[in-house]
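These notes are about the structure you will find just below.
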Amino acid sequence: MLLRTESLFLIVVVGLLLFGWRRLPGAMRDLGRARRILKSEAQALRDDVPLPKRRVVEARPEDVVSRRDGQAGT
């Protein structure tokens with residue numbers, strides 16, 4: 001989702017009003033640092049969780065049920 005020019009301008013103006021001209025770069029720096037930390041922690045969680053083992057199901061053709069008539073076989 002891309003921001004339109006008006007939306008981006010409004011966000012900048014609200015940021016300037018809330019944080020002031022001098023504190024805005026520090027606030028953006030802190031926000032970027034927090035984003036990087038969150039991203040690295042989420043990646044670490046994904047790396048820690050083992051993937052479930054894949055199961056292989058073997059079936060003979062006569063074991064398969066047709067979806068059309070609900071009866072086994074052909």
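Every number in this text was worked out from the coordinates using simple rules, so none of it is lab data. Computed from a predicted structure; not experimentally measured. Every residue, glycine as well, gets a Cβ built from its backbone with ideal geometry; the counts of neighbours run over all protein chains shown.
Annotation for the range 13-70: trypsin sites (Lys or Arg not before Pro) lying in DSSP loop with at most 12 further Cβ atoms inside 10 Å of their Cβ are Lys53, Arg54, Arg55, Arg67, Arg68. When each of Val65, Val57 is scored by the number of other beta-carbon atoms lying within 10 Å, the sequence from fewest to most is Val57, Val65.
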